[in-house]
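In what follows, a structure is listed as structure tokens, so that the remarks can point back to it.
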Amino acid sequence: MAKIVLKGNGAVALAIKMARVDVVAAYPITPSTFIPEKISEYVANGEMDAEFIPVESEHSAMSACIGASAAGLRAATATSSQGLELMHEMLFIASGMRLPIVMGVANRALSAPINIWCDHQDTISARDTGWIQFYAENNQEAFDLMLIAFRVAEDERVLLPAMVGLDAFILTHTFEPVDVPEQREVDDFLPPYRPKHAYLDPERPITQGSFVYPEYYMEFKYGQWIAMESARDVIDEVFADFASRFGRKYEKVSTFMCDDAEIVLITMGSLSGTVRHVVRELRNEGIKVGVAKITVFRPFPHKEIIRAVKNAKVVGVLEKNVSFGFGGAVYGEVLATVHGEGLDTKVLDFIVGLGGRDVRVEDVKEVVKICSDALQGKAVDKINWINVDKEAVKNA
Amino acid sequence: MKSITKGAIIYEAGSTIKNKTGDWRTFKPVIDINKCVRCGLCWAYCPDAAIIKADDANARQGWKPVVDYDFCKGCGICAKECPVGAIEMVKEEK
Amino acid sequence: MPENFEELELFAPGHRGCAGCGASQIVRWILKIAGPNTICVSATGCLEVFSTPYPETAWRVPWVHAAFENAAAVASGVEAAMKKMGKDVNIIAFAGDGGTFDIGFQALSGMVERGHNVLFVNYDNEAYMNTGIQRCSSTPYGAWTTTSPPGKLTIGKEQRKKPIAAIIAAHGAPYVATATIAFLEDLKRKVKKALSIKGPKFLHILQPCTTGWRFDPSLTVTISKLAVETGVFVLWEVEDGDFDNKFRITYKPKKRKPVIEYLKLQGRFRHIINKPEIIEAIQREVDEKCAKYGF
């Protein structure tokens, strides 16, 4: 084990190298560009025994990964924002073909207007593609979750692709010390990928990507559903194995001061640290508030969310995405989970940090203020846009 | 009982042979083997591999064309391309 | 001496291709030349739909399909995988004209530029047949399709066909050739030659489509032949994109037939058959092209 100072992108690239990925196909896009740069450098220097395909688009990046994975090899890529959108079609195809491709995604805002900074609109918009989704809070998590993603994705009970989100610039371009295990330790944790179901071998000719009539289509979708459900336990097993080997413990939802909290704030990604900081401060002021950070968004951690919020009266979801005409996507899922469980907890949505807008301490305090008002029975809005100049749009 | 694979993968190569396309036919090719010069064009041009080269000890080439009516869709390319007019398309009687 | 696999049927019957389907003929023959040590990739299209109705497949070689526009990109990934495993195997991508000329063009250009060792075969039936005959950049001038209907103001497709093989050759691809099933020996030789060359190869094969071109299914080969005999479709090959030194016409009709002989057999040209000025324009264009090629 060595401590190495890495950018988030560097952590993802290093994880791809240490996972001994066979084929990487990638296309440059800010802010994930450094990942294919670094991998092409590893390959060019003979530090990584892989084929690197510098494709002409993200659509082709995912397509080439599908080809390589269909051939039975470990394949990975990285992208961001518009790149993820361009490969959107292929995301469904990778999961439908049950190919455990792993991808790092620098979470960046979507055009228009064009903007290269952080929010989660890109991966949230890919939530229905059948990919497992992890969100990293820091560079250590980005590194670890990439390795974990391969193990989970390639598990016989799962065989679904997985993506790891890391916040644009906040993580991708920020240097942090990362504990990096020995190659041997990674090899023990992540054995070679030897698929029984998908390969391209003239000795054993099979047909992949066949045409399916209504008579069978729904069974295939149900099969994917079952695989994603199976991923719940597999993720827990892999988290436990990872903790026993490397000492870092992951949870689908990690809670901070939730046990007695009247207000629980739900977060994803790098925002979580800021929110915990504010919560610690507010606890000193006697406000009973806690934080539940979602690390695994697909499969959605219903049970873990319930465990985190069961004692709360108000849940505030802070999220960097919006589904126009509804609200935040995470809010919708938390709401369905909480009320589906029969809890009468109030769930409020806070749309924050779109397109790199800072989420400041005072913004989190404002969120808690609104939650406190709701706690006291005051009328509050369900959907709240935070740190946005609402006056500015009046003449637009 | 229905049983599916992962990812709609098909492990039985060439399994369309279970689907007899012969019942698509309205005309069927009939070969006059005495006229046949064994050029093999009917075999070559069949989109459905429905002309088979069967053993024929009497022919210098050692084979003769036989229509596989299980799969022949009756397109008539063989009859059209036969250079000696040895294949006739005959209305299918069903 | 390479092995001969001509007697093997690696593309099984029982597929749902139309009676008289030219695409089936093409695939059947390419696999006869390539043999079993082959992996195929297909774009979405007629071929993929009619050959892999789950749980049946016509393919007796490994085959993979992902989407419409990306056969070349999927093939790039397959090729990289084979390289990583150190396996020497033919990789052949099949795409219709939509998956080659239009939506598949970018991925194809990328694959050729990067130099992947893949034979890309375009079966060109000159329109989007799988969706029901819509115009494509491969559709020839004057042809009826459902989205280039002849109307009071139009004659059918108003634009000319994209010279796809020349465009791919212009990438500097090691081998590019045109072919039709009617000139089978020429096609066989070209497939053999393509597979003997390392790097990206492109075969542009004209594929008369009984359904979309509106002709009797028995005429698939006849029309393939007429396309060449009239000069509408010219058989050639070029290496390294070097049209000055490494270009060759592989078949020259002794006496070119008038284009009307090709057009009149096809329902898609019915509306222009009695319009001499349009037929003359098509003839003139073919004459000019053939003059350039020296016949």
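Taking first residues from the stretch A:174-203 that are in a helix (DSSP H, G or I) and partners that are surrounded by fewer than 18 Cβ atoms within 10 Å (Cβ to Cβ), the Cβ contacts under 6 Å between residues at least 6 apart in sequence or on separate chains come to A:F189/A:R245.
Checked against the criterion of being facing chain C (nearest Cβ under 9 Å), in a helix (DSSP H, G or I), of a type in the set (D, E, K, R) and in contact with a Ser or Thr (Cβ under 8 Å, 6 or more places away or on another chain), the stretch B:53-75 has no qualifying residue.
Only one of the listed residues (C:T178, C:T211, C:T131, C:T154) is of a type in the set (S, T, N, Q), more than 15 Å from C:Q266 (Cβ to Cβ) and not in a loop (DSSP other than H, G, I, E, B). That residue is C:T178. Among the candidates C:S137, C:S42, C:S148, C:S109, the residue that is touching an Asp or Glu at 6+ places or on another chain (Cβ under 6 Å), surrounded by fewer than 24 Cβ atoms within 10 Å (Cβ to Cβ) and of a type in the set (G, A, S) is uniquely C:S137. Is it true that some residue in the stretch C:42-51 is out of contact with any Leu (no Cβ under 7 Å at 6 or more places or on another chain), at the interface with chain A (Cβ under 7 Å from one of its Cβ atoms) and closer than 24 Å to A:V212 by Cα? Yes, the conditions are met somewhere in the stretch C:42-51. In this entry, C:P258 is excluded by the filter for residues that are more than 29 Å from B:A44 (Cβ to Cβ) and at pLDDT 95 or above.
Would you say C:G115 is surrounded by fewer than 18 Cβ atoms within 10 Å (Cβ to Cβ) and within 14 Å of chain A (Cβ to nearest Cβ)? In short, yes.
Scanning the stretch C:15-41 for residues that are outside any helix (DSSP H, G or I) and either within 8 Å of chain A (Cβ to nearest Cβ) or of a type in the set (A, V, I, L, M, F, W, C) (or both) yields a total of 9. Screening A:F150, A:F143, A:F134, A:F92 for residues that are farther than 28 Å from A:T255 by Cβ, among the aromatic types (F, W, Y), under 17 Å from the mean Cα position of the chain (by Cα) and not assigned by TED's automatic domain parsing to the domain that holds A:S272 leaves exactly one candidate, A:F92.
Residues satisfying the criterion are absent from the stretch A:62-70 (criterion: crowded, with 23+ Cβ neighbours inside 10 Å, more than 11 Å from every other protein chain (Cβ to nearest Cβ) and more than 17 Å from A:H173 (Cβ to Cβ)). Just checking, does the stretch C:77-95 include any residue being within 7 Å of chain A (Cβ to nearest Cβ), in contact with a Pro (Cβ under 9 Å, 6 or more places away or on another chain), of a type outside the set (D, E, K, R) and part of a loop (DSSP other than H, G, I, E, B)? Yes, the stretch C:77-95 contains a residue that is within 7 Å of chain A (Cβ to nearest Cβ), in contact with a Pro (Cβ under 9 Å, 6 or more places away or on another chain), of a type outside the set (D, E, K, R) and part of a loop (DSSP other than H, G, I, E, B). Please determine, by comparing only the residues of the stretch C:181-208 that are part of a helix (DSSP H, G or I) and over 18 Å from C:A95 (Cα atoms), which one is nearest to the other protein chains (Cβ to nearest Cβ). Checked the stretch C:181-208; the qualifying residue nearest to the other protein chains (Cβ to nearest Cβ) is C:L184. The set of residues in the stretch A:21-53 being within 11 Å of chain C (Cβ to nearest Cβ) and either crowded, with 18+ Cβ neighbours inside 10 Å or aromatic (F, W, Y) (or both) consists of A:V21, A:D22, A:V23, A:V24, A:A25, A:Y27, A:A50, A:E51, A:F52, A:I53.
Restricting attention to the stretch A:259-278, the residues that are surrounded by fewer than 24 Cβ atoms within 10 Å (Cβ to Cβ) and β-branched (V, I, T) add up to 2. Look at (1) under 26 Å from C:K87 (Cα atoms); (2) among the hydrophobic types (A, V, I, L, M, F, W, C); (3) crowded, with 24+ Cβ neighbours inside 10 Å; (4) more than 7 Å from every other protein chain (Cβ to nearest Cβ) and you find that C:W59 fails only one, number (4).
Per-residue answers, yes or no, for (1) within 23 Å of the chain's Cα centre (by Cα); (2) among the basic types (K, R); (3) assigned to a helix (DSSP H, G or I):
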position: A:M228; (1), (2), (3): yes, no, yes
position: A:R232; (1), (2), (3): yes, yes, yes
position: A:E237; (1), (2), (3): yes, no, yes
position: A:Y250; (1), (2), (3): yes, no, no
position: A:D259; (1), (2), (3): no, no, no
position: A:R276; (1), (2), (3): yes, yes, yes
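Against the test of being closer than 29 Å to A:M62 by Cα, of a type in the set (D, E) and within 16 Å of the chain's Cα centre (by Cα), the options C:E56, C:E48, C:E79 yield a single qualifying residue, C:E48. All told, C:V121 falls short of being part of a strand (DSSP E or B) and at the interface with chain A (Cβ under 7 Å from one of its Cβ atoms). When residues in the stretch B:1-40 are screened for being more than 8 Å from chain C (Cβ to nearest Cβ), aliphatic (A, V, I, L, M) and crowded, with 19+ Cβ neighbours inside 10 Å, 2 of them pass.
The values are calculated or read from the model by the stated rules, or taken from the named source; none is laboratory data. Being a predicted model, the structure only gives us computed values, none of them experimental. Glycine gets a Cβ as well: all are built from the backbone with ideal geometry, and neighbour counts include every protein chain shown.
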